[in-house]
Amino acid sequence: MRTTSHRRALGLLLVAGLGLTAASCGSGDDEPAAQGSGGADQKVTITVGCQPPKSNPKERAGWDEDVAAFQAAHPNITVQSKDAFPCINPDTFQAKLAGGTQEDVFYVYYTDVQKIIKAKQAADISEYVGSVKALNDVRPDVKGVFNDGDKTYGVPRNNYNMGLVYNRKLFTQAGLNPDAPPKTWAEVQEAAKKIAGLGAGYTGFGEYSAGNTGGWHFAASLYARGGSMVSEDGKSAAFNSAEGKAVLENLKQMRWNDNSMGSKQLLQWEDLMRMMGSGKLGMMIGAPDVVQSVNNDFQGKFEDYGVTAVPESEGKASLSGGDGYMFNPKATPEKIKAGLLWLEFHELTPGQGQFNYERAKAQGRPVGLPIPDLYGDTAPGKEIVALRKKFATVPVDHFTPYVSVQGSITNKLEPPKAQELYAVLDVAMSAVLTRKDADIDKLLSDAEGKANKILAKNT
């Protein structure tokens, strides 16, 4: 499975389009769960997006097995899988939505949902969604992504929020306790200095500042401090605030006073991943699946890393995202009901579909990352956590600092015009990391002016 961090990074390279650029979906199980919503009354065929591509044979095989099992349990339903890769191509996605040629059950990112609803490019499934009993236990902040007022337009599949990824091995070498990672930025500063003090080539804390990634991480730090990128109505910038200033002042302190961030700056996604994989970077902001990407693609080892919450985010918010499915507005009631049966089976049932950790382990895929967290502390949520631990192939305890505080952190989505705002804030992020005399007040004021012009064009 391509990680959330990789999908997110690819998306940051694209300012145009509705959303991010690359994804593949989860896998499934051999036996369907008992479905409380019954079967289809008449024969119906549904097209479903985001089947894993042939280049991902393990997940594709799981998906195909799931389809076969589901169709055996629901003989009147035929699932036609569509495996376009990436699942969302910004060059064609908007055209498909405008022409109504997307799948009956089509894949979306959270950041696109409200735009799709407002454009009437998805079906209102409110009168049918009550049959999906599993949704009763889904976290309100996750389920609400697909709501507009009292109407429902989709079903979540995945969710995540940002954390602080850290190298446990370096913590130990620097005399720090890897089981008690920093909870405040002051503690991050102290830890970063100790790690940088290990010798030449060691960096205590790494941060992005180019390719829209700097603005992205500015938003993550801002949310964790209780700030907002835009006003509640989305019409004006809100980051020129005490919280926004604190984000930049903290980085300026670590870069120039503490000298714990290294001299190489203007970093983008792959740079920090490579640094983390090399074993020379102590900390960085990232979702838990950064660890998976570092392990798979950058020569890191799962056992060397841990994840905690973004410092000072408890009781506040964390930049979050995710994906799910919506329905073509041309879909008939029969197709919608059949699609909901499939989603309930494949995306929402513990031990089945994407939560079939037994099969994932047998396939040699990593098991134990604390995402998705669709259910929180409800009964199905606890069941999923137990299954992860039972079939874990990675050190589950290394994510405990992150998991233990999730109940006190609100998931907060990206702002409107996110990529354009991130590009503007790259300027501020790069300035404080490359110029010792950077004027933070002026940087934020200039960024605010540019952001207001961008938001004024928001529709």
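Odds and ends about this structure:
- Residue selection: Met254 fails the criterion of being among the aliphatic types (A, V, I, L, M), open to solvent by 30 Å² or more (accessible area, probe 1.4 Å), at pLDDT 95 or above and part of a helix (DSSP H, G or I).
- Scanning segment 278-297 for residues that are open to solvent by 10 Å² or more (accessible area, probe 1.4 Å) and either aliphatic (A, V, I, L, M) or modelled with pLDDT of 95 or more (or both) yields a count of 3.
- Residues being farther than 21 Å from Ser320 by Cβ and surrounded by fewer than 20 Cβ atoms within 10 Å (Cβ to Cβ) - total across segment 130-159: 7
- Test: Asp104 is surrounded by fewer than 19 Cβ atoms within 10 Å (Cβ to Cβ) and in the same structural domain as His398 (by the TED database): no
- Members of segment 357-379 found to be farther than 25 Å from Leu319 by Cβ and either modelled with pLDDT under 95 or under 21 Å from the mean Cα position of the chain (by Cα) (or both), listed by number: Tyr357, Ala360, Gln363, Gly364, Arg365, Val367
- Filter result (more than 18 Å from Val188 (Cα to Cα) and open to solvent by 10 Å² or more (accessible area, probe 1.4 Å)) within segment 235-251: Lys235, Ser236, Ala237, Ala238, Asn240, Ser241, Ala242
- Conditions (1) assigned to a helix (DSSP H, G or I); (2) closer than 19 Å to Val310 by Cα; number of the one not met by Gln354: (2)
- Residues located in segment 257-277, provided they are surrounded by fewer than 23 Cβ atoms within 10 Å (Cβ to Cβ), modelled with pLDDT of 95 or more, in contact with a helix residue (DSSP H, G or I) (Cβ under 7 Å, 6 or more places away or on another chain) and not hydrophobic (A, V, I, L, M, F, W, C): Asp258, Asn259, Gln265, Gly277
- Answer from Gly226, Gly214 - the residue that is in contact (Cβ under 8 Å) with a residue 40 or more places away in the chain, under 29 Å from Pro415 (Cα atoms) and open to solvent by less than 20 Å² (accessible area, probe 1.4 Å): Gly214
- Checklist (1) in the same structural domain as Ala180 (by the TED database); (2) over 30 Å from Ala219 (Cβ atoms); (3) of a type in the set (A, V, I, L, M) applied to Leu341, failing item: (1)
- Output for segment 161-176, where each listed residue is out of contact with any strand residue (DSSP E or B) (no Cβ under 6 Å at 6 or more places or on another chain) and either crowded, with 24+ Cβ neighbours inside 10 Å or in a loop (DSSP other than H, G, I, E, B) (or both): Ala174, Gly175, Leu176
- Set Asp297, Asp289, Asp271, Asp233: member being touching a strand residue (DSSP E or B) at 6+ places or on another chain (Cβ under 9 Å) and not aromatic (Phe, Trp, Tyr): Asp289
- Qualifying residue in segment 435-448 (condition: on the phi < 0 side of the Ramachandran plot, touching a residue at least 12 places away in the same chain (Cβ under 8 Å), touching a strand residue (DSSP E or B) at 6+ places or on another chain (Cβ under 9 Å) and open to solvent by 20 Å² or more (accessible area, probe 1.4 Å)): yes
- Residue within segment 161-172 that is closer than 26 Å to Pro370 by Cβ, modelled with pLDDT under 95 and either in contact with an Asp or Glu (Cβ under 8 Å, 6 or more places away or on another chain) or small (Gly, Ala, Ser) (or both) present: no
- Residue count for segment 220-242 under the criterion of being closer than 21 Å to Ala192 by Cα and either among the aliphatic types (A, V, I, L, M) or not in a loop (DSSP other than H, G, I, E, B) (or both): the result is 4.
- Contacts under 8 angstrom Cβ, first residue in segment 385-402 being without any contact (Cβ under 8 Å) to a residue 24 or more places away in the chain, partner buried (at least 16 other Cβ atoms within 10 Å of the Cβ) and small (Gly, Ala, Ser), 6 or more apart: Lys389/Gly368
- Failed item in (1) open to solvent by less than 20 Å² (accessible area, probe 1.4 Å); (2) under 19 Å from Glu420 (Cβ atoms); (3) not in a helix (DSSP H, G or I), with Gly204 passing the rest: (2)
- Selection count, segment 300-338, where residues are over 30 Å from Gly244 (Cβ atoms), part of a loop (DSSP other than H, G, I, E, B), outside the structural domain of Ser126 (by the TED database) and open to solvent by less than 40 Å² (accessible area, probe 1.4 Å): 1
The values are calculated or read from the model by the stated rules, or taken from the named source; none is laboratory data. The structure presented is a predicted model; accordingly, all values stated were derived computationally and were not measured. Methodologically, a virtual Cβ is constructed for each residue, glycine included, from the backbone with ideal geometry; neighbour enumeration extends over all protein chains shown. The accessibility values were calculated without ligands, DNA or RNA, using every heavy atom of the protein model including side chains. Shrake-Rupley method; radii C 1.70, N 1.55, O 1.52, S 1.80 Å.
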